[in-house]
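Please read the structure below before turning to the comments.
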Amino acid sequence: MSATGAPRRIGVLGGTFDPVHIGHLRGALEVAETLGLDEVRLVPNFRPPHRETPNSSAQDRLAMVRLAVQDLPQLAVDARELERDKPSYTLDTLESLRGELERDDQIFLIVGWDAFCGLPSWHRWEELLEHCHILVMQRPDADSEAPEALRDLLAARSVNDPLALSGRGGQIAFVWQAPLEVSATRIRQFLASGRSVRFLVPDAVLAYINAHGLYRASN
């Protein structure tokens, strides 16, 4: 429960954050403000099952995320997946978090459109909505359709207005996201070739990258 006695509303945004960049932070802030969430937790993955092993260590990625959110009261860092020392399954994280919250508190799993379309490949994905609502960040210029495996789920569970999501979980809503053409892959490529990534990552994160020599061509 929040200090007012109302159910807490917690956003969860997972990722490798290799490195964390303005696209992650802007998306999290937009969701927090649009839905009036108490906080959005950034959850760095340890070993994401569907992606390559991160380029930088868990310790470095966690440090960069903490630096990125240090002046943003709406955002927090949740290190539970890094403490697990095994592949990061979102369902495990949601079950763990749900066990720490009050019964009526709400969890909002925040995913991008591409990640949402890949949901049927996730570990026990059909159980996700038992623990949370799913918020899909979709850019206004996106025009692709959901895969067939998700169409029945969307027909049964989608809500037009994200502010109308009710209860502990079980529903899906879309939140429009300002289009920012930035990716961690491109940032790593820039750094490896000696190009500047100023204004693509927070200054504190850039200072950490430079101080520790991350993503350089020699690494």
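Once fully extended, how much extra length lies between Phe199 and Leu163, figured as 0.36 nm per residue of separation less the alpha-carbon to alpha-carbon distance? Let's see the in-between values first.
Working: separation 36, 0.36 × 36 = 12.96 nm, distance 3.14 nm.
Full extension from Phe199 to Leu163 adds 9.8 nm.
Take every Cα pair under 8 Å in the chain that's 6+ residues apart, average their separations, divide by the length, and report that relative contact order as a whole percent.
Details: 347 pairs, mean separation 51.1, N = 219.
Computed value for the chain: 23 percent relative contact order.
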statement: In nm, the gap between the two label points placed 7 Å beyond Cα toward Cβ at Leu154 and Arg51 is 2.3
- request: Sticking with the crude label model, points 7 Å out along Cα→Cβ, report the distance from Ala217 to Asp71 in nm, one decimal please.
  value: 3.3
query: Of the labelled options (i) 12.2; (ii) 14.8; (iii) 13.1, which one gives mean projected area of the Cα convex hull in nm² as computed for this structure?
result: (i)
message: Over the chain, with the other protein chains present, what is the accessible area per residue in square angstrom, probe 1.4 angstrom?
response: 50
With every protein chain in place, the chain: carbon and sulfur % of accessible area (1.4 Å): 47
query: Counting each DSSP H run of 4 or more residues in the chain as -39500 (n - 2.57), what helix-only mean residue ellipticity at 222 nm follows after dividing by all residues, to the nearest 500 deg cm²/dmol?
result: -9500 deg cm²/dmol
statement: Under a Gaussian network model of the chain whose springs join Cα atoms within less than 10 Å, the largest fluctuation of Arg51, Arg188, Arg198 belongs to Arg51
- line: Taking a crude spin-label model, label points 7 Å out from Cα along the C-beta direction, the Ala146 to Ala192 distance in nm is 3.5
- prompt: Given Cα pairs under 8 Å that are at least 6 residues apart, what percent is the relative contact order of segment 71-139?
  reply: 37
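The values are calculated or read from the model by the stated rules, or taken from the named source; none is laboratory data. No experiment lies behind these values; they were computed from the predicted model shown. When we count neighbours, we look across all protein chains shown, and the Cβ atoms used for this are built from the backbone with ideal geometry, even at glycine. For the accessible areas, the whole protein counts, side chains as well, though only heavy atoms, and no ligand, DNA or RNA atoms are used. Shrake-Rupley method; radii C 1.70, N 1.55, O 1.52, S 1.80 Å.
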